[in-house]
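Asker: Structure below; questions to follow.
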Amino acid sequence: MKGISRKLSLSILAFLVFSNHVEATEQIYQTPAALIPTEIPTTPIAGLINPLLEAANPQLLGQSLGQMPLLTFIYQTQQYQILWRDKQYAGQVIQLLAQADQDGLNPNDYHLATLQSLHLNLQQANQQALEPNDQSSAAQFDILLSDAVLTFAHHLHNGKLNPAELDPTWNYDPAALEHNATSVQLLQHIQLQTIAELFEQQRPQYDLYGQLKQALARYRAIAERYPFEVITIDIKSIKPGMLHPAIPLLKKRLQQLGYSFPEITNEAFESSLEREQTYHLAWVETIKQFQQHHDLDTDGVIGPATLAALNIPYQQRAEKIKINLERARWLATDLSQEFIIVNIAGFELFFYQSGQLNWQTKVMVGTPLNATPVFKSQLQYLEFNPTWTVPRSILKEMWHKILNEPDYLIKQQYQVVQNNSRPVELTEIDWEAYTARNFPYHLVQQPWKNNALGQVKFIFPNRHSVFLHDTPQKRLFNSAQRSFSHGCIRVENPMELARLLLNDDANWSAQNIAHVVASEKRTRVNIKRPIDVFLMYWTVSVSGETVSFHHDLYQRDYLLLKRL
């Protein structure tokens with residue numbers, strides 16, 4: 001949990017804050033520094049909790065308790081007494097839990113219906129406060145509310161699902177709950193009646209999360225306000241200037257999604273119907289905007305792909321945003337001051353400095369058969385004019401060309417080397433005696449402008465041998481769908497990225513970098529400050545008020561939504 005599980009020093013700080021507060025007011029709760037009782041008191045809460053300690057799936061009133069070890073620890077430090085004494089404020093906390101769907105989470109995961117029922121019963125009993133008594137309902141309510149608050153806070157901070165169970169390449173470490181510090185902070189927020197502040201602290205603090213929340217609310221409102229019907233056309237595509245009866249429906253759909261159309265005032269039409277059913281040239285930019293926000297070719301033509309995107313139901317769009325709110329919760333909160341995020345599904349790279357987006361560029365990623373893995377690492381160095389050792393899997397694809405084009409390796413500046421890196425003359429090799437599978441040598445492409453890695457690569461250690469690099473195939477960046485690689489990430493503007501990362505204009509200005517590249521000499525430059533690299537998979541991204549929906553390139557959305 002954010003701010004309460006990083007280091008023990010934070011626990012001590014929270015303890016001091018809490019102690020100072022309760023010295024100035026009535027000390028209702030014992031601090032977790034108090035000794036845990038050697039004998040269990042005979043309170044209603046103790047009578048409910050202790051029989052559950054050995055249970056594989058502890059439940060209370062049919063509700064699974066998700067934070068049982070922490071819950072037990074907290075109640076032990078408080079002598080198994082009631083924590084939620086203020087009935088009115090407890091009701092306000094239940095209302096906060098009822099709003100969990102605003103974060104794309106399910107309020108039923110936080111015992112909502114049971115808590116509401118218990119709270120109503122306690123109110124009807126006309127109790128003045130939720131004090132310990134011989135009625136078990138108050139104890140049941142207290143335990144369930146504590147568990148709900150802890151579980152919701154945990155889900156906000158780490159996500160509801162374990163991403164490693166969905167993707168074996170995932171290596172992000174979730175924040176652990178340090179019991180003493182968590183106890184201090186929970187008790188403090190209960191006494192100060194600031195549970196809403198606790199929840200806000202647990203939410204990811206970078207811009208994307210808040211923007212996704214706003215987008216979720218917006219698309220849910222659209223889905224609730226406007227009926228949705230599939231739009232069909234009886235021709236392959238509608239081009240600018242064409243007349244079609246579906247045009248008014250398409251325009252209305254786009255307006256509901258927030259797109260605007262310029263008024264048509266300077267064109268003559270035989271009838272108002274003709275005006276309404278014409279795809280006006282002035283509307284092309286609006287269609288192109290929509291296409292850009294859905295990773296479609298921005299040709300302004302309303303073809304099958306554009307029509308399919310327009311026919312995505314509003315509720316389905318909201319569900320897609322919900323999926324990506326969960327993914328956003330998986331991103332670590334203890335980020336370096338500078339970090340790189342590659343959104344695989346969006347074919348984009350973002351460079352952050354001091355927590356703010358500083359620069360972004362297009363990228364290419366792995367095909368569905370060679371999916372770029374999701375993981376985190378830290379940038380170690382970059383290398384200008386790199387060599388490229390051809391992986392065995394790619395050698396299989398090249399083998400036919402090698403055998404049938406005698407000068408291919410020479411033209412592409414490949415060198416054949418042994419395992420000890422000793423060069424082997426091409427004429428010494430009986431190529432017909434080998435296949436790509438049993439070829440005993442390695443192919444190493446030398447530095448030059450058409451090297452497969454381009455003229456710079458960016459290395460961050462990982463077990464997948466994945467890295468960022470330049471590419472000679474610049475034209476492919478013009479494609480809306482950019483899944484062309486074998487798993488590595490090709491960067492559209494790698495020299496500018498290198499300049500930003502080196503952050504040393506005296507020695508590594510754009511001019512100096514160009515000079516080094518022109519030398520065609522391998523030049524390694526170590527990165528001396530921490531720069532985290534996160535390879536993420538987000539099928540929705542937000543820039544300002546613009547929401548972009550990306551194709552589910554690796555077919556991962558459905559399983560995540562099902563698990564949510």
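The values are calculated or read from the model by the stated rules, or taken from the named source; none is laboratory data. What you see is a predicted model, and the numbers here were worked out from it, not measured in a lab. Here the Cβ positions follow ideal geometry from the backbone for every residue, glycine too, while neighbour counts run over all protein chains shown. The protein model used for the area step is the full one, side chains on, heavy atoms only, and it has no ligands, DNA or RNA in it. Shrake-Rupley method; radii C 1.70, N 1.55, O 1.52, S 1.80 Å.
Asker: Restricting the search to segment 178-196, which residues are open to solvent by 50 Å² or more (accessible area, probe 1.4 Å) and within 17 Å of ILE82 (Cα to Cα)?
Answerer: Correct list: LEU192, GLN193.
Asker: Please go through segment 510-544 and pick out each residue that is among the charged types (D, E, K, R) and in contact (Cβ under 8 Å) with a residue 40 or more places away in the chain. Before the answer, list the steps.
Answerer: Going through segment 510-544, the residues among the charged types (D, E, K, R) turn out to be 520-522, 524, 528-529, 532.
Of everything in segment 510-544, those that are among the charged types (D, E, K, R) and in contact (Cβ under 8 Å) with a residue 40 or more places away in the chain turn out to be GLU520, LYS521, ARG522, ARG524, ARG529, ASP532.
Asker: I'm trying to understand the selection: among the residues of segment 298-334, which are hydrophobic (A, V, I, L, M, F, W, C), touching a Phe, Trp or Tyr at 6+ places or on another chain (Cβ under 8 Å) and either assigned to a helix (DSSP H, G or I) or farther than 27 Å from PHE228 by Cα (or both)?
Answerer: Result: ALA309, LEU310, ALA318, ILE321, LEU325, ALA328, TRP330, LEU331, ALA332.
Asker: Further question: Among the residues of segment 342-371, which ones are in a loop (DSSP other than H, G, I, E, B) and open to solvent by less than 30 Å² (accessible area, probe 1.4 Å)?
Answerer: ILE344, ALA345, GLY346, PHE347
Asker: So, one more: Return the residues of segment 202-212 that are within 13 Å of the chain's Cα centre (by Cα) and outside any loop (DSSP other than H, G, I, E, B); say none if nothing qualifies.
Answerer: ASP207, LEU208, TYR209, GLY210, GLN211, LEU212
Asker: Still on this structure, I have one more. Return yes or no: is LEU96 surrounded by fewer than 19 Cβ atoms within 10 Å (Cβ to Cβ) and at pLDDT 95 or above?
Answerer: yes
Asker: Filter segment 231-255 down to the residues that are assigned to a loop (DSSP other than H, G, I, E, B), in contact (Cβ under 8 Å) with a residue 60 or more places away in the chain and either closer than 18 Å to GLU285 by Cβ or open to solvent by less than 20 Å² (accessible area, probe 1.4 Å) (or both) and list them by number.
Answerer: Selection gives ILE231, SER237, LYS239, PRO240.
Asker: Could you check segment 415-435 and list, in sequence order, the residues that are in contact with a helix residue (DSSP H, G or I) (Cβ under 8 Å, 6 or more places away or on another chain), exposed (fewer than 14 other Cβ atoms within 10 Å of the Cβ) and of a type in the set (Val, Ile, Thr)?
Answerer: Once the filter is applied, which keeps residues that are in contact with a helix residue (DSSP H, G or I) (Cβ under 8 Å, 6 or more places away or on another chain), exposed (fewer than 14 other Cβ atoms within 10 Å of the Cβ) and of a type in the set (Val, Ile, Thr), segment 415-435 yields only THR435.
Asker: So the check is Cβ under 7 Å with 6+ separation or different chains; which pairs have a first residue in segment 160-179 that's assigned to a loop (DSSP other than H, G, I, E, B) and at pLDDT 85 or above and a second one that's of a type outside the set (Val, Ile, Thr) and open to solvent by 60 Å² or more (accessible area, probe 1.4 Å)?
Answerer: That search, which allows pairs on different chains as well, returns LEU161/ARG563; ASN171/LYS376.
Asker: Related question: Identify the residue in segment 99-118 that is assigned to a helix (DSSP H, G or I) and touching a residue at least 60 places away in the same chain (Cβ under 8 Å) and, among all such residues, is most open to solvent (accessible area, probe 1.4 Å). Reasoning before the result, please.
Answerer: Restricting attention to segment 99-118, the residues satisfying the condition of being assigned to a helix (DSSP H, G or I) are 100-103, 107-110, 112-118.
Now drop any that are not touching a residue at least 60 places away in the same chain (Cβ under 8 Å), which leaves 102-103.
Numbers: GLN102: 94, ASP103: 1 Å².
Once the filter is applied, the top-ranked residue is GLN102.
Asker: Now, a different point. In the list GLU267, GLU285, GLU263, which residue meets the criterion of being closer than 24 Å to SER548 by Cα, open to solvent by 60 Å² or more (accessible area, probe 1.4 Å) and not β-branched (Val, Ile, Thr)? Steps first, answer last, please.
Answerer: On the way: GLU267 fails: closer than 24 Å to SER548 by Cα; GLU263 fails: closer than 24 Å to SER548 by Cα.
Being closer than 24 Å to SER548 by Cα, open to solvent by 60 Å² or more (accessible area, probe 1.4 Å) and not β-branched (Val, Ile, Thr) holds for just one of GLU267, GLU285, GLU263, which is GLU285.
Asker: Let me ask something additional. Across segment 277-318, what is the number of residues that are more than 23 Å from ILE222 (Cβ to Cβ) and in contact with a helix residue (DSSP H, G or I) (Cβ under 7 Å, 6 or more places away or on another chain)?
Answerer: Restricting attention to segment 277-318, the residues satisfying the condition of being more than 23 Å from ILE222 (Cβ to Cβ) are 277-282, 284, 297-301, 303-304.
Going one step further and asking which of them are in contact with a helix residue (DSSP H, G or I) (Cβ under 7 Å, 6 or more places away or on another chain), we end up with 277-279, 297-298, 300.
So the count comes out to 6.
Asker: Residue check: is ALA498 modelled with pLDDT of 95 or more, closer than 16 Å to ASP470 by Cβ and open to solvent by 10 Å² or more (accessible area, probe 1.4 Å)?
Answerer: no
Asker: Check ALA221, ALA175 and return the single one that is within 30 Å of ARG463 (Cβ to Cβ) and either exposed (fewer than 14 other Cβ atoms within 10 Å of the Cβ) or in contact with a Ser or Thr (Cβ under 8 Å, 6 or more places away or on another chain) (or both).
Answerer: On the way: ALA221 fails: within 30 Å of ARG463 (Cβ to Cβ).
Only one candidate passes the filter, namely ALA175.
Asker: Still on this structure, I have one more. I'm checking my understanding of the structure. Among residues of segment 545-564 that are in a helix (DSSP H, G or I) and either free of Cβ contacts under 8 Å to residues at least 12 places away in the same chain or not hydrophobic (A, V, I, L, M, F, W, C) (or both), which one is least open to solvent (accessible area, probe 1.4 Å)? Can you show your working first?
Answerer: Taking segment 545-564 first, the residues in a helix (DSSP H, G or I) are 557-563.
Restricting the remaining residues to those that are either free of Cβ contacts under 8 Å to residues at least 12 places away in the same chain or not hydrophobic (A, V, I, L, M, F, W, C) (or both) gives 557-558, 562-563.
Working: ASP557: 13, TYR558: 160, LYS562: 145, ARG563: 95 Å².
It comes out as ASP557.
Asker: Restricted to segment 441-459, and to residues that are open to solvent by 30 Å² or more (accessible area, probe 1.4 Å), assigned to a loop (DSSP other than H, G, I, E, B) and of a type outside the set (A, V, I, L, M, F, W, C), which residue is farthest from ILE531 (Cα to Cα)?
Answerer: Checked segment 441-459; the qualifying residue farthest from ILE531 (Cα to Cα) is TYR441.
Asker: What number of residues within segment 510-544 are open to solvent by less than 20 Å² (accessible area, probe 1.4 Å) and within 15 Å of the chain's Cα centre (by Cα)?
Answerer: So the count comes out to 9.
Asker: Check off (1) surrounded by fewer than 19 Cβ atoms within 10 Å (Cβ to Cβ); (2) in a strand (DSSP E or B); (3) not basic (Lys, Arg) for ILE394 and give me the number that stays unchecked.
Answerer: Here ILE394 clears every test but (2).
Asker: Can you tell me which residue is farthest from VAL149 (Cα to Cα) among those in segment 73-93 that are open to solvent by less than 10 Å² (accessible area, probe 1.4 Å) and part of a helix (DSSP H, G or I)?
Answerer: THR77
Asker: Out of all the residues in segment 261-275, is one or more at pLDDT 95 or above, more than 24 Å from the chain's Cα centre (by Cα) and among the aliphatic types (A, V, I, L, M)?
Answerer: For segment 261-275, residues at pLDDT 95 or above, more than 24 Å from the chain's Cα centre (by Cα) and among the aliphatic types (A, V, I, L, M): absent.
Asker: Look through ASN462, ASN438 and report the one residue that is farther than 23 Å from PHE534 by Cα, in a loop (DSSP other than H, G, I, E, B), out of contact with any helix residue (DSSP H, G or I) (no Cβ under 7 Å at 6 or more places or on another chain) and not acidic (Asp, Glu).
Answerer: Matching residue, one of ASN462, ASN438: ASN438.
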